[in-house]
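This report refers to the structure that appears directly beneath it.
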Amino acid sequence: MKVAVLGAGAGGAASVAELVQAGHDVHFWARSAETLEPHVKLGGVAHDGKLGEGVARPALITTDLKAAITGVDVAVVALPTFSHSPIAAALAAAGWPSSSPVILNPGHTGGALEFAQTFTRSGRAAPAVVEFSTLTYVARKYRPDGVSVSGRAKRLKAAALKGGAEVLEIAGTLFPGLDPVADVIASDLSNVNMVLHPPGAVLAAAWVEATGGSFTFYVDAMTPGVARVMKQLDEERLAVARAFGHELPNLIEEMKLLGTVEADVVDTSDYRAAIAGGEANKRIKGPDSLEYRYYKEDFGHGLLPFLEFARIAGVETPVAHSLYSLAQIAVGANYREGGRTAEAMGIAGMNKDQVIEKVRAK
């Protein structure tokens with residue numbers, strides 16, 4: 001299959017490595033020539049860890065979006081969640097056909113809805129959008145031309161906004177291990193980072209600023225108090241999902257499916273022990289500042305859309321509201337400005353039934 005991978009961060013680099021190894025014809029794009037230059041010099045993406053060790057060599061490495069998408073069957077967007085709207089607008093302007101699917105790896109919370117809403121502003125119908133609940137990989141770019149992959153999702157929830165089973169089959173061919181769910185609300189609310197990051201990001205903010213991230217986020221900062229807040233936030237997530245007709249696993253059960261909590265964990269109610277004991281995440285350092293992506297992505301594009309869904313569903317979410325409000329104050333940001341609001345997702349003014357009808361339309 002001919003695939004355009006859009007984004008040269010850890011997720012994009014890992015996607016290139018996996019797709020090239022699987023025999024796909026890959027075009028590798030990023031907006032920044034500086035980011036791509038090391039890959040151009042190497043002729044590809046160096047990789048180590050769960051995907052093996054070597055250099056994956058895509059057919060094309062370019063900053064020209066039109067060239068990147070020419071002749072490909074599917075686009076994989078492996079960008080931060082706040083880039084979903086800008087890349088949708090850029091793809092529409094570059095002539096991405098409405099008949100060709102786009103995969104958001106990851107879509108996180110509300111990604112497919114926001115992407116489609118932005119694309120339609122071009123005056124053209126949005127393509128089918130497949131949304132992964134979280135990134136396929138636990139990965140970091142420790143070198144400018146390569147990626148280290150410490151984890152690869154075993155079972156990953158995915159749903160399609162338009163296109164149904166056919167486009168999910170395409171996505172599953174590219175990224176084996178997908179677990180299709182009924183609609184993008186279910187995949188939105190299976191976003192583990194929306195629950196996993198905000199409690200520690202808020203409650204360890206002083207530690208972040210004092211040490212520059214010199215601690216492990218999933219071990220040192222996974223204290224009993226943080227874990228209790230996380231568990232309460234997770235219960236709010238499950239209640240909102242239930243209001244939309246979805247019975248979802250709790251955070252620990254979901255992370256076991258992904259492979260970021262060990263398969264032999266029996267007590268899925270002990271959030272601290274299960275998360276701190278996960279091999280894939282245990283060496284990951286804390287944020288180095290309040291500009292880190294946990295603060296930039298997981299509030300304005302994680303908790304904010306979650307709060308919008310909760311309001312539409314009529315479910316009280318005091319923990320989510322508290323974390324969101326405290327993060328705004330600590331960071332000095334208004335997450336609604338440029339954030340994933342109901343308006344950005346195209347669901348403003350809708351009731352619960354109308355939202356369900358929208359996400360299940362063929």
Could you tell me which numbered condition G71 fails, if it satisfies all but one of (1) small (G, A, S); (2) open to solvent by 20 Å² or more (accessible area, probe 1.4 Å); (3) closer than 21 Å to G346 by Cα?
-> (3)
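Residue-by-condition table, conditions (1) open to solvent by 50 Å² or more (accessible area, probe 1.4 Å); (2) of a type in the set (V, I, T); (3) more than 23 Å from T134 (Cα to Cα):
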| residue | (1), (2), (3) |
| --- | --- |
| L6 | no, no, no |
| A10 | no, no, no |
| H39 | no, no, yes |
| H47 | no, no, no |
| R57 | yes, no, yes |
Can you tell me which residue in the range 266-285 is modelled with the lowest pLDDT, limited to those that are closer than 14 Å to F217 by Cβ and either in contact with a strand residue (DSSP E or B) (Cβ under 7 Å, 6 or more places away or on another chain) or surrounded by fewer than 16 Cβ atoms within 10 Å (Cβ to Cβ) (or both)?
-> A280
Of all residues in the range 351-362 being open to solvent by 50 Å² or more (accessible area, probe 1.4 Å) and either touching a Pro at 6+ places or on another chain (Cβ under 6 Å) or in a helix (DSSP H, G or I) (or both), which is nearest to P86 (Cα to Cα)?
-> K358
Find the residue count for the range 15-43, including only residues that are farther than 13 Å from R143 by Cα and either free of Cβ contacts under 8 Å to residues at least 60 places away in the same chain or of a type in the set (S, T, Y) (or both).
-> 17
For P80, the lone unmet condition from (1) in contact with a Gly (Cβ under 9 Å, 6 or more places away or on another chain); (2) open to solvent by 40 Å² or more (accessible area, probe 1.4 Å); (3) closer than 20 Å to Q21 by Cα is (3)
Name the one entry in R336, R340 that is part of a loop (DSSP other than H, G, I, E, B), modelled with pLDDT of 95 or more and surrounded by 20 or more Cβ atoms within 10 Å (Cβ to Cβ).
-> R340
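Within the range 85-92, does at least one residue satisfy the condition of being in contact with a Leu (Cβ under 7 Å, 6 or more places away or on another chain) and either open to solvent by less than 40 Å² (accessible area, probe 1.4 Å) or among the aliphatic types (A, V, I, L, M) (or both)? Walk me through it before giving the result.
Of the range 85-92, the ones in contact with a Leu (Cβ under 7 Å, 6 or more places away or on another chain) are 87, 90.
Pick out the ones that are also either open to solvent by less than 40 Å² (accessible area, probe 1.4 Å) or among the aliphatic types (A, V, I, L, M) (or both) and you get 87, 90.
Yes, the range 85-92 contains at least one residue that is in contact with a Leu (Cβ under 7 Å, 6 or more places away or on another chain) and either open to solvent by less than 40 Å² (accessible area, probe 1.4 Å) or among the aliphatic types (A, V, I, L, M) (or both).
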Could you please let me know if V26 is closer than 26 Å to G172 by Cβ and out of contact with any Asp or Glu (no Cβ under 9 Å at 6 or more places or on another chain)?
-> yes
Would you check if there is a residue in the range 56-67 being under 30 Å from T109 (Cα atoms), over 19 Å from the mean Cα position of the chain (by Cα) and touching a residue at least 60 places away in the same chain (Cβ under 8 Å)?
-> no
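If the requirement is being touching a residue at least 24 places away in the same chain (Cβ under 8 Å) and either surrounded by 18 or more Cβ atoms within 10 Å (Cβ to Cβ) or of a type outside the set (S, T, N, Q) (or both), which of these qualifies: A320, A348, A263?
So the residue among A320, A348, A263 that is touching a residue at least 24 places away in the same chain (Cβ under 8 Å) and either surrounded by 18 or more Cβ atoms within 10 Å (Cβ to Cβ) or of a type outside the set (S, T, N, Q) (or both) is A320.
Please find, within the range 276-325, the residue that is nearest to S150 (Cα to Cα) out of those that are hydrophobic (A, V, I, L, M, F, W, C) and not in a helix (DSSP H, G or I). Break it down into steps so the answer makes sense when it comes.
We begin by selecting, within the range 276-325, every residue hydrophobic (A, V, I, L, M, F, W, C); these are 276, 280, 284, 290, 299, 303-304, 306-307, 309-310, 312-313, 315, 319-320, 323.
With not in a helix (DSSP H, G or I) added as a condition, the list becomes 280, 284, 290, 315.
On the way: A280: 5, I284: 10, L290: 25, V315: 37 Å.
So, considering only residues that are hydrophobic (A, V, I, L, M, F, W, C) and not in a helix (DSSP H, G or I), the one nearest to S150 (Cα to Cα) is A280.
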Enumeration of residues in the range 250-260 that are under 19 Å from L135 (Cβ atoms) and open to solvent by less than 30 Å² (accessible area, probe 1.4 Å) = L251, I252, E254, M255, L258, G259, T260
Please specify each residue of the range 201-213 satisfying the condition of being open to solvent by less than 50 Å² (accessible area, probe 1.4 Å) and under 19 Å from T317 (Cα atoms).
-> A201, V202
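Out of T216, T223, I need the residue that is open to solvent by less than 30 Å² (accessible area, probe 1.4 Å) and farther than 17 Å from H108 by Cα. Which one? Even if it seems obvious, please write down each step before you answer.
Working: T223 fails: open to solvent by less than 30 Å² (accessible area, probe 1.4 Å).
Among T216, T223, only T216 is open to solvent by less than 30 Å² (accessible area, probe 1.4 Å) and farther than 17 Å from H108 by Cα.
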Is it the case that some residue within the range 234-244 is free of Cβ contacts under 8 Å to residues at least 40 places away in the same chain, open to solvent by less than 10 Å² (accessible area, probe 1.4 Å) and under 22 Å from the mean Cα position of the chain (by Cα)?
-> yes
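Whether any residue in the range 140-151 is of a type in the set (K, R), under 16 Å from the mean Cα position of the chain (by Cα) and part of a loop (DSSP other than H, G, I, E, B) is what I want to check.
Taking the range 140-151 and keeping what is of a type in the set (K, R), we get 140-141, 143.
Those left that are additionally under 16 Å from the mean Cα position of the chain (by Cα): 140.
Filter once more, keeping what is part of a loop (DSSP other than H, G, I, E, B): none.
No, the conditions are met nowhere in the range 140-151.
Regarding D188, is this residue in contact (Cβ under 8 Å) with a residue 24 or more places away in the chain, more than 24 Å from N281 (Cα to Cα) and among the acidic types (D, E)?
So D188 fails the test.
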Could you list all residues from the range 292-317 that are modelled with pLDDT under 95 and open to solvent by 60 Å² or more (accessible area, probe 1.4 Å)?
-> R293, K296
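The values are calculated or read from the model by the stated rules, or taken from the named source; none is laboratory data. Keep in mind it's a predicted model, so treat the numbers as computed, not measured. No Cβ is skipped: glycine too gets one built from the backbone with ideal geometry, and neighbour counts run over all protein chains shown. Each accessible area value is taken on the protein alone, full model and side chains, heavy atoms only, with ligands, DNA and RNA left out. Shrake-Rupley method; radii C 1.70, N 1.55, O 1.52, S 1.80 Å.
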